[in-house]
1. What nm distances, shortest first, do you get from the label point of A:Arg22 to those in the other copies when the point sits 7 angstrom along Cα to Cβ?
2. Determine the residues within region A:43-77 where the difference in accessible area between the chain on its own and the full set of protein chains amounts to at least 50 Å²; count protein heavy atoms only and use a 1.4 Å probe.
3. What is the packing order of peptides A:40-48, B:135-143, taking the mean over residues of other C-beta atoms within 10 Å and listing the highest first?
4. Starting from a label point 7 Å past Cα on the Cβ side, list the distances from B:Pro100 to the same position in the other copies, nm, shortest first.
5. Distances in nm, one decimal, shortest first, from B:Arg122 to the same residue in every other copy, taking the label point 7 angstrom along Cα→Cβ.
6. Accessible area, 1.4 Å probe, largest first: how do B:Leu149, B:Leu76 sort?
7. Evaluate the charge dipole of region A:53-131 about its Cα centre and quote only its size in Debye, nearest 20, assuming +1 on the Cβ of each Lys and Arg and -1 on the Cβ of each Asp and Glu.
8. Among B:Gly65, B:Val83, B:Leu52, which residue has its Cα positioned farthest towards the positive end of the charge dipole of region B:52-142, with +1 placed on the Cβ of Lys and Arg, -1 on the Cβ of Asp and Glu, and the dipole taken about the Cα centre?
There are 2 protein chains.
Amino acid sequence: MSTFLRTLDRMSATAGPAAPHRPTKLQLLELLAAIGTAQWRDFAAAAAHYGLTSTQARVLAELKGPVPMRGLATLLVCDASNVTGIVDRLEARGLVRREPSPVDRRVKNVVATDEGRDVIRRVREEMQATHGALDTLDEEEGATLYALLERLRPTMEKDA
Amino acid sequence: MSTFLRTLDRMSATAGPAAPHRPTKLQLLELLAAIGTAQWRDFAAAAAHYGLTSTQARVLAELKGPVPMRGLATLLVCDASNVTGIVDRLEARGLVRREPSPVDRRVKNVVATDEGRDVIRRVREEMQATHGALDTLDEEEGATLYALLERLRPTMEKDA
DNA sequence: CCAAGTACTTGATGAGATAAAACATCTGCG
DNA sequence: CGCAGATGTTTTATCTCATCAAGTACTTGG
């Protein structure tokens, strides 16, 4: 609680005249959206640096172990037929391999190759380097933000 | 986007069990990404409910006044030739209008029609309705969250 | 006035998304 | 057991969105 108050104090000291003190729900939604898209663009840029589309990078990042095509579709929240093409392109570049499931002959498991693992590792590193954004928050502010966002999360994920 | 999440998750794997009062940078990023993802999917779903793609809805949302094609391209961070098609489709549905700029005959300003404004208003309402999440914050907490997020935004937009 | 720059469009190309349908395989129930 | 229905994958068609290259129309500054 005292953390809250001090955070507010610091904010009113640094916020300047432009900061609205009573944001509407809509303003908050728009701000969240703006930050979300900024993050997404960062991810896409890091992926592009290694010749990947963001979707391809997304798939590659999922492949910690073998994942069936259908499983990828579920993870990506998209149609299974869509995954075929994405994995085709990754496979053509040698970043990924299809192998038949030992337990179900209908299923093809997708596995990252060594090169695939290497590429996604580099994308991750680049993301970390890019995000100095949060360094502008001190420890208390970070804790405050985290606590507030965490309360938002469960309600917003209902549609997943 | 959900992979993006998991990627960040994996990146912060060394942090161990969550220490809620001292979140790491990566934990914060993960949380922001989680909320951003959920919100983006909600936005897309609300837009789809009115027969709009998320990109089309995004354009409509930008049209608070007349905006030149080139300006839209800048806002969307994409090629100008891309905007032509998006606005074509919106115009074909009567949600948007091109009108010549009075000051520069090269320029076409895009304006939302009454119907366009109505549709985007409904999309926004649907999002707000979906996100009772924000109702769990009281006024002070909302203001705190807004101020913190606002400080994050400019830093994250640096890379355009 | 004219060269260079800017705004927009067109056309080619490619990724990603969905829907419908084909095909092989698995599963459960009579 | 055997078959009907469900499931996993791919193909094909169609759309949107993204880029690049080129072309047209207009503006601007030397």
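1. 3.9
2. Buried-area filter returns A:Arg58, A:Glu62.
3. My ranking of the peptides, most packed first, is A:40-48, B:135-143.
4. 6.8
5. With the label placed 7 Å along Cα→Cβ, B:Arg122 yields 4.8 nm.
6. B:Leu76, B:Leu149
7. I would put it at about 160 debye.
8. It is B:Val83.
The values are calculated or read from the model by the stated rules, or taken from the named source; none is laboratory data. Since the structure is predicted, the reported quantities are computational estimates derived from the model, not experimental observations. Every residue, glycine among them, receives a Cβ derived from its backbone with ideal geometry; neighbour counts consider all protein chains shown. Surface areas here come from the heavy atoms of the whole protein model, side chains and all, with no ligands, DNA or RNA. Shrake-Rupley method; radii C 1.70, N 1.55, O 1.52, S 1.80 Å.
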